[in-house]
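Below: the structure, in structure tokens.
The values are calculated or read from the model by the stated rules, or taken from the named source; none is laboratory data. Remember, it's a predicted structure, so these values are computed and weren't measured experimentally. Cβ placement follows ideal geometry from the backbone for every residue including glycine, while neighbour counts extend to all protein chains displayed. Heads up: the accessible areas ignore ligands, DNA and RNA and are worked out on the full protein's heavy atoms, side chains in. Shrake-Rupley method; radii C 1.70, N 1.55, O 1.52, S 1.80 Å.
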Amino acid sequence: ELENLNDAPFSGDEENGVSEERKTEINGNWIPATSITEAKINAKAKRRLRKNSSRDSGRGDSVSENGETLKIGVVPTSPKGKLLDRRSRSGKGRGLPKKGGAGGKGVWGTPGQVYDVEEVDIKDPNYDDDQENCVYETVVLPLDERAFEKTLTPIIQEYFEHGDTNEVSEMLKNLNLGEMKYSVPVLAVSLALEGKASHREMTSKLISDLCGTVVSKTDVEKSFDRLLKELPELVLDSPRAPQLVGQFIARAVGDGILSSTYIDGYKGTVDCVQARAALDRATVLLSMSKGGKRIDSVWGAGGGQQSVKHLVKEIDMLLKEYLLSGDVLEAERCLQELEVPHFHHELVYEAIVLVLESTGEKTFKMILDLLKTLWKSSVITVDQMKRGYERVYCEIPDINLDVPHSYSVLERFVEECFQAGIISKPLRDLCPSRGRKRFVSEGDGGRLKLESY
């Protein structure tokens, strides 16, 4: 203590270059400073050892003299490897994956585990006796007027393409029509008025098949009541609406989905002119059916359902009426109503034969105008026009037996058609021509040269 109280900065020995070890008092004992540093290092090493031994127990770790932990048989890993380590970081456990490998992200359980249907626990405090008797059903809201038209219009238009009433019935059953059931026949008839005769026939079949499954007879009667009220508006788009609605009513009565006394209920109570015309049309058709005419043929037979003989007869009558009236537009309309675009070559063939059999120029010019109009309006396609001419080319020898000078008339008509742009140059060049009559050679016995094509 006396030496430490010395005010001199250095003692005599220190001035001579000999340093004396400094001492510090700890708990009343004087301990050299070097031993304190060693004690801190040893304490730090012991803490590190305890920490590593609790985490990696039983791995044979040891501490070196410098206080560093040495792991026997373990290769030091990078910091990135520690981040990807799936072992518990809490310092407890055996180092196995969490939850046996079923605790990762997006994992529903251990590999190969199959979940069974969960059984209701009767002892569960939240158990309800009525829970087992519950029936869950999908509730479909009823369609309003705007959604009804938007939903059913594509269904009916698609039906006009495939003609399967069962498919339409299944699609309508999946919809909650509610109080709009009677509007199904109304929408179908409204779309058919703007379509073809085959569409109206398909509509009558659709209403007949839907009656009893989707709509009732009361709904059908209510739908025709609405059609009669809306006739003034339907006439704006379809001028023939009163006659067509009358035919729909007559067909419904004939199919048995509409009462036979339906028309009698309107006698003397109708003020609308269009409604009276529709009811009068239905009355006439029903009276004709009593005389033997079938009411189910009120729309006629659609294109593909007609026989070839019937189509040939219709086309022959069409051409004869055209030669009498000279109305090209009426002839075009009648041809389109036949709905046989694949059979238009028959009209081309019959028209050219009429030209070959005629003796005047009137038929020649009228048939030329008819083919020119049908060609420009694309009613007759290129393929049908070509096929009709080729049929005439093949049968001209037989036609020439009954009609003399048919070759010269055909050549002239084909040339006029080519000048009008109806046929192409290759089709014109295929036209057969009869060779001149001359003797082949001397001593031939008077034989004539064969016809060249």
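For residues that are β-branched (Val, Ile, Thr) and either touching a helix residue (DSSP H, G or I) at 6+ places or on another chain (Cβ under 6 Å) or not assigned by the TED database to the domain that holds Leu410 (or both), scanning just segment 348-362, find the one that is surrounded by the most Cβ atoms within 10 Å (Cβ to Cβ).
Checking each candidate, the answer is Val348.
Take Lys222 and decide whether it is more than 35 Å from the chain's Cα centre (by Cα) and either in contact (Cβ under 8 Å) with a residue 60 or more places away in the chain or farther than 15 Å from Thr203 by Cβ (or both).
Values: more than 35 Å from the chain's Cα centre (by Cα): no; either in contact (Cβ under 8 Å) with a residue 60 or more places away in the chain or farther than 15 Å from Thr203 by Cβ (or both): yes.
Here the answer is no, as Lys222 does not meet what is asked.
With respect to the numbered conditions (1) buried (at least 16 other Cβ atoms within 10 Å of the Cβ); (2) farther than 22 Å from Pro239 by Cα; (3) hydroxyl-bearing (Ser, Thr, Tyr), which one is the sole condition not fulfilled by Thr283?
Every condition holds for Thr283 apart from (2).
For segment 391-438, which residues satisfy the criterion of being more than 20 Å from Thr359 (Cα to Cα), open to solvent by 40 Å² or more (accessible area, probe 1.4 Å) and out of contact with any Phe, Trp or Tyr (no Cβ under 9 Å at 6 or more places or on another chain)?
Cys394, Phe418, Gln419, Pro426, Asp429, Arg436, Lys437, Arg438
Since Leu338 meets every condition but one in (1) among the aliphatic types (A, V, I, L, M); (2) more than 27 Å from Leu193 (Cα to Cα); (3) out of contact with any His (no Cβ under 8 Å at 6 or more places or on another chain), which condition does it not meet?
Tallying (1) among the aliphatic types (A, V, I, L, M); (2) more than 27 Å from Leu193 (Cα to Cα); (3) out of contact with any His (no Cβ under 8 Å at 6 or more places or on another chain), Leu338 fails exactly one: (2).
Sort through Leu323, Leu371 and tell me the only one that's assigned to a helix (DSSP H, G or I), buried (at least 18 other Cβ atoms within 10 Å of the Cβ) and touching a residue at least 24 places away in the same chain (Cβ under 8 Å).
From the options Leu323, Leu371, the qualifying one is Leu371.
Does Asp209 qualify as being more than 20 Å from Arg146 (Cβ to Cβ), part of a helix (DSSP H, G or I) and under 30 Å from the mean Cα position of the chain (by Cα)?
Taking the combined requirement at face value, the residue satisfies it.
To keep it simple, each residue is scored yes or no on (1) aromatic (Phe, Trp, Tyr); (2) out of contact with any helix residue (DSSP H, G or I) (no Cβ under 8 Å at 6 or more places or on another chain); (3) in a helix (DSSP H, G or I).
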{"site": "Pro111", "(1), (2), (3)": "no, no, no"}
{"site": "Tyr115", "(1), (2), (3)": "yes, yes, no"}
{"site": "Asp121", "(1), (2), (3)": "no, yes, no"}
{"site": "Val135", "(1), (2), (3)": "no, yes, no"}
{"site": "Val140", "(1), (2), (3)": "no, yes, no"}
{"site": "Leu143", "(1), (2), (3)": "no, no, no"}
{"site": "Ile156", "(1), (2), (3)": "no, no, yes"}
{"site": "Tyr159", "(1), (2), (3)": "yes, no, yes"}
{"site": "Asn176", "(1), (2), (3)": "no, yes, no"}
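Has segment 72-84 got at least one residue that is modelled with pLDDT under 70, among the charged types (D, E, K, R), assigned to a loop (DSSP other than H, G, I, E, B) and outside the structural domain of His199 (by the TED database)?
Taking every residue of segment 72-84 in turn, none turns out to be modelled with pLDDT under 70, among the charged types (D, E, K, R), assigned to a loop (DSSP other than H, G, I, E, B) and outside the structural domain of His199 (by the TED database).
Somewhere in segment 237-248, is a residue open to solvent by 80 Å² or more (accessible area, probe 1.4 Å), more than 13 Å from Pro185 (Cα to Cα), assigned to a helix (DSSP H, G or I) and out of contact with any helix residue (DSSP H, G or I) (no Cβ under 7 Å at 6 or more places or on another chain)?
yes
Among the listed residues Glu194, Glu167, identify the single one that is touching an Asp or Glu at 6+ places or on another chain (Cβ under 8 Å) and surrounded by fewer than 18 Cβ atoms within 10 Å (Cβ to Cβ).
Result of the check over Glu194, Glu167: Glu194.
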